[in-house]
Each structure stands twice: as C-alpha cells, then as structure tokens.
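Read the structure below first, then the notes.
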Amino acid sequence: MKRLTLLVFAFIATLGTLSAQNYIVVDSEKIFKSLDDYNTAIASLDRMAEEYQQRIDDEYEAIASLYAEYKAQEATLSAYLRQQQQNTILSREEAIEKFQRETFGPEGTLMKKRLELIQPIQKRVFEALSRYAAAKGYDLILDSASNPTLLYHGPKTDHTQALIEFIKR
C-alpha cells in the first residue's frame, strides 16, 4: 500500500512539473509554405531538378539507341570496331552516371543550390521562433511536422498561425 501511495504521489508530482512547463507546438512545414520566398526557392529547385533529370534521361535514351545500333551491327563489325563502340557506350554511361552523382548527390549541385536558397530562409524562421518564444515566455517549441512521436497536441498549444503572422511582420 505504501508503494502504491508513493507511486501515485510521484505521478502527480510529475504531472504538476509537466503542466508548469511553458511550451507550444508549431507546424514548421506550414510556416515555411506560408513564405513566398520559400515557395519561390522550392519551385526554382524543382525546375532545376527537372532540367537536370531531362538531360540525364535524354543521354540514357541516346546511349540505348547507340547500344541498339551496335547490337544490330555487331555481327558484321570487326573485333576492333566492336571494342571501339563498346568503349564509346561505356564511357558515355560512366560520364552520365558521374554527372548524375555530381548533380543529385549529397555534395552535388542541387544540394549546394538548396543550401544557398533555403538556409537563409530557415535561419530567418528559426530566429523568429526564438524571438517569439522569448517574447511570449515559452521554454520549449515542439514541431508537429517533423516529430513522428508527437501523438497529440491540443489547439491551445498550436501557435503555427501566430508565428506565421509574427514572421510576416
């Protein structure tokens, strides 16, 4: 019985501590999507990615065409010409794979452009979040957009719209 009483007391003390915490919940995805410069940057990155992907697709089609042409003529070609065409096809495949890595890889052109365009916006939003929390006296801001373990939050704790208005001032 004593253990149960102690356990109940500990639970109540924990609830009291948690309720004393001053926190809010925001949806960072919604905040970012409310910013015109963010949407413009994302649209620009999407266009760049589409252009690069089209270039890659076109080159793979050209390589496939070369290969089909090679296969059709393979029997009539000398060993030297077969080897030359195989080398040409392989070098073009290697070149386009290198281009793909350099463009879409973690250190690639698109990632660098993303950092260039998005980082200043993120910095501005995170600074605004910090100023908002300090001005309103909040100790903690939880992001409902990127936290898969946030199972529920009440509407009173969601300050997404207030933050959007705060940032746009």
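The values are calculated or read from the model by the stated rules, or taken from the named source; none is laboratory data. All values derive from a computational prediction rather than experimental measurement. Cβ placement follows ideal geometry from the backbone for every residue including glycine, while neighbour counts extend to all protein chains displayed. For the accessible areas, the whole protein counts, side chains as well, though only heavy atoms, and no ligand, DNA or RNA atoms are used. Shrake-Rupley method; radii C 1.70, N 1.55, O 1.52, S 1.80 Å.
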Which number in (1) within 30 Å of Val25 (Cβ to Cβ); (2) among the β-branched types (Val, Ile, Thr); (3) open to solvent by 50 Å² or more (accessible area, probe 1.4 Å) marks the one condition that Ile121 misses? (3)
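Inspect all residues belonging to segment 79-88 and state whether any of them is farther than 30 Å from Asn22 by Cβ, of a type in the set (Gly, Ala, Ser), in contact with a helix residue (DSSP H, G or I) (Cβ under 7 Å, 6 or more places away or on another chain) and not in a loop (DSSP other than H, G, I, E, B). If you could, list the steps in order and put the result at the bottom.
Start the filter on segment 79-88 by keeping residues that are farther than 30 Å from Asn22 by Cβ, which leaves 79-88.
Of the ones still in play, those that are also of a type in the set (Gly, Ala, Ser) are 79.
In the following step, the residues that additionally are in contact with a helix residue (DSSP H, G or I) (Cβ under 7 Å, 6 or more places away or on another chain) were identified as none.
No: segment 79-88 contains no residue that is farther than 30 Å from Asn22 by Cβ, of a type in the set (Gly, Ala, Ser), in contact with a helix residue (DSSP H, G or I) (Cβ under 7 Å, 6 or more places away or on another chain) and not in a loop (DSSP other than H, G, I, E, B).
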Scope segment 21-43; condition without any contact (Cβ under 8 Å) to a residue 12 or more places away in the chain and basic (Lys, Arg); matching residues: Lys33
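Condition test on Leu110, is it under 30 Å from Arg169 (Cα atoms) and part of a helix (DSSP H, G or I)?
Values: under 30 Å from Arg169 (Cα atoms): no; part of a helix (DSSP H, G or I): yes.
No; evaluated as a whole, the condition is false for this residue.
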Just checking, which of Thr76, Thr88 is in contact (Cβ under 8 Å) with a residue 12 or more places away in the chain and open to solvent by 60 Å² or more (accessible area, probe 1.4 Å)? Thr88
State which residue pairs qualify: first residue within 21 Å of Asp37 (Cα to Cα) and open to solvent by less than 60 Å² (accessible area, probe 1.4 Å) and inside segment 155-168, second residue part of a helix (DSSP H, G or I) and of a type in the set (Ser, Thr, Tyr) in any location, beta carbons under 6 Å apart, and separation of 6 or more residues or different chains. Leu163/Tyr132; Phe166/Tyr132
Unique match (being at pLDDT below 95, under 17 Å from the mean Cα position of the chain (by Cα) and aliphatic (A, V, I, L, M)) among Ile24, Ile31: Ile31
